[in-house]
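Colleague: My questions will all concern the structure given below.
The values are calculated or read from the model by the stated rules, or taken from the named source; none is laboratory data. Source: prediction; values computed, not measured. All Cβ positions, even for glycine, are placed from backbone atoms using ideal geometry, and neighbour counts span all protein chains on display. The accessibility values were calculated without ligands, DNA or RNA, using every heavy atom of the protein model including side chains. Shrake-Rupley method; radii C 1.70, N 1.55, O 1.52, S 1.80 Å.
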Amino acid sequence: MFEDALKPLPEKAFDYFAAVHLLNRAGFGGTPSQARALADMGLNKAVDQLVKYESQPVEPVKADLFDNSIMSPLTDEQRETARKARLSNDEEALAALQRERNRKQSEDRKQIAQLQKWWIKRMIETPRPLEEKMTLFFHGHFATGYRTIEDSFHMYQQNQLFRKFATGNFAHLAHRIIRDPAMIKYLDNDENQKSKPNENMARELMELFTLGEGRGYTEDDIKAGARALTGYTFKDDTFYFNNNNHDTSAKNIMGKSGQFDGDGFLDVILARNECAEFMAGKLFRFFVNDFSGDMSKDQKAFILAMANKLRASKYELKPLLDAVFSSAYFYSAQNRGAIIKSPIQLTVQAVRSLRTPVRELSALASATDLMGQNVFFPPNVKGWDGGRSWINTSTLFIRQNVLVYLLTGRKPDMYEWQASDIPFDATHLVDHLRQPDGSVDMASGIEYLLRFNLAQSPSPLRLKQVMAFATSRGERLDNDRIIAVLALTTAMPEYQLC
């Protein structure tokens, strides 16, 4: 019954604008020529190219791309020096130790800023957009913040972990996340000892990462889960299981009994129907419709079909994503323009689809922060709320400013962005509409630009307004006119949707 919700879109219905929709949702948008190439492939091959992206060559992520030694732990000799300084109250030595710590922290803050720019650049340039889109999904799902961790390399390691399992097996990723130094530090599991269990990781695993708040577990289950996770810690950049601190006694977790460790605890969770349903719901809101309020009958059916697919594949994500992106429901009118672009989506999609100059990566990182999404700095363990929380009077103003910056290189006075004189040739957006004499019909060009940039067909009133704006500046749809139309279009409320 529920599997009918995942019935595929008829091949003949996969047209150019369906391909645009797919590019926007399964990645961060694409140019008209990329959309045309996908449409020409047909639905099955287009989805395969995006989901089975391993065939697309990409620059490998090197383990040593960033410095792992900045926040490395003290050596035995350094610890002894610090101990002696404290015992003797040697103020000069203590001040020198503090200066060195401050220096390291300053260097590490510089590196996290470099890491932010590196990831934004990768999202913009990657030939595997779904890989980075799912890395972003997991960053918001297993949310871990630099301010608590204060180790940029650990954030880099975690980012690589999410990329490795981007469309892999969610269960395997869950087993790895309880061994991730950044997550262990963030949720205080390095302080989880059999003599004094710390419940933070066990609680968030159940409440936020796998089951959902209050779904199928009790406080006693959390306490038992915390005992299962005792001894899971790290040394420097590597997971370390401290057997001396691990509680080996029997535990009862959600009706199952055994001498569970962290893996056994997760296996109990992953066997629950609530886990697949919870993950299906989160992926639905990320890729299909970020509705607020009560779910419709169709939404419930689709999420349950997704959950069944996820269970049937033993948490392999590729079969689920393939089914979602191939489904008629995904392309239905009710699900186009049904997601509010996150700040990262807004910014990266603008560059990838319009092919604007990047301008300055630090400015883009600053802009996404001002709009409410500072990568590597999620607001809390819940991650970003998303949806309507992205939009308010302040963020809407910044959204408009960053698009003008990308289109023109002009920066608002209130931001410390670097102005850019790199020219933007926007004419590629309408190349496919050129007539034999090389010109583009104004009406056709304006209608296309609106349709390409807005998630749904523009209303007759909106089309009339933009046409009046464009023709008031002449009858030729040249580069300056296209940029002006884009500046107007990207300021529209409808542009905030994808």
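Colleague: For the chain, what is the accessible area per residue in Å² when the probe is 1.4 Å?
Modeller: Numbers: 22450 Å² over 498 residues.
On a per-residue basis, 45 Å².
Colleague: Could you tell me how many cubic angstrom of Cα convex hull volume segment 97-145 has per residue?
Modeller: That works out to 72 Å³ per residue.
Colleague: So, by mean Cβ neighbours within 10 angstrom, what's the order for 355-362, 84-91, 244-251 with the highest one leading?
Modeller: Those peptides, ordered most packed to least, come out 355-362, 244-251, 84-91.
Colleague: Next question. Starting from the Cα coordinates of segment 325-445, work out the convex hull volume and express it per residue in Å³.
Modeller: Cα convex hull per residue, to the nearest whole number: 171 Å³.
Colleague: Still on this model: Sorted by average packing, counted as other Cβ atoms within 10 angstrom per residue and highest first, what order do 145-152, 226-233, 487-494, 414-421 take?
Modeller: On the way: 145-152: 18.9, 226-233: 23.6, 487-494: 16.2, 414-421: 13.0.
Going by the mean number of other Cβ atoms within 10 Å, highest first, we get 226-233, 145-152, 487-494, 414-421.
Colleague: Let me have the relative contact order for the chain, percent, based on Cα pairs under 8 Å that are six or more residues apart.
Modeller: Answer for the chain is 18 percent.
Colleague: After finding the eigenvalues of the alpha carbon gyration tensor for segment 174-272, what semi-axes result from the square roots of 5 times each, listed largest first in whole Å? It would help to have the intermediate numbers written out before the result.
Modeller: Working: eigenvalues 78, 44, 25 Å².
In descending order, the three semi-axes are 20, 15, 11 Å.
Colleague: Taking all protein chains as present, what is the carbon and sulfur share of the accessible area of the chain, in % to the nearest whole number, probe 1.4 Å?
Modeller: Numbers: 11090 of 22450 Å².
Summing carbon and sulfur atoms, their accessible area is 49 percent of the total for the chain.
Colleague: Ranked highest first by average number of other Cβ atoms within 10 Å, how do 166-172, 363-369, 92-98 line up? Before the final figure, lay out the partial values.
Modeller: Numbers: 166-172: 19.1, 363-369: 21.7, 92-98: 12.6.
Per-residue Cβ counts within 10 Å, averaged per peptide and sorted highest first, yield 363-369, 166-172, 92-98.
Colleague: Could you please state, rounded to a whole Å, how far the C-alpha centre of segment 107-171 is from the C-alpha centre of segment 80-95?
Modeller: Centre-to-centre (Cα) distance: 38 Å.
Colleague: Expressed in nm to one decimal, what extension gain is obtained for the pair N102 and F397 from 0.36 nm per residue of sequence separation less their Cα-Cα distance?
Modeller: Separation in residues times 0.36 nm, less the Cα-Cα distance, equals 102.6 nm.
Colleague: Let me ask something else about it. Based on Cβ point charges of +1 for Lys and Arg and -1 for Asp and Glu, what charge dipole magnitude is obtained for segment 431-473 about its Cα centre, in debye rounded to the nearest 20?
Modeller: For this selection, approximately 220 debye.
Colleague: Now a separate question. At q = 0.14, 0.18 Å⁻¹, what is the log10 ratio I(q)/I(0) for segment 193-350, with the Debye formula run over Cα points and no solvent?
Modeller: Rounded to two decimals, the profile gives -0.82, -1.06.
Colleague: Something else about it: Might you report the magnitude of the Cβ-based charge dipole of the chain about its Cα centre, with Lys and Arg at +1 and Asp and Glu at -1, to the nearest 20 debye?
Modeller: Using only the charged Cβ atoms, the result is roughly 660 debye.
Colleague: Considering only protein heavy atoms, what is the solvent-accessible area of S389 at a probe of 1.4 Å, reported in Å² to the nearest 10?
Modeller: It works out to around 60 Å².
Colleague: As a test of the definition: which semi-axes, in Å, follow for segment 427-496 when you take the square root of five times each eigenvalue of its alpha carbon gyration tensor? Largest first, please.
Modeller: Numbers: eigenvalues 73, 32, 24 Å².
After diagonalising the Cα gyration tensor, the semi-axes are 19, 13, 11 Å.
Colleague: Consider all pairwise Cα distances in the chain and report the whole-number % of them above 40 Å.
Modeller: Value for the chain: 29 percent of Cα pairs lie more than 40 Å apart.
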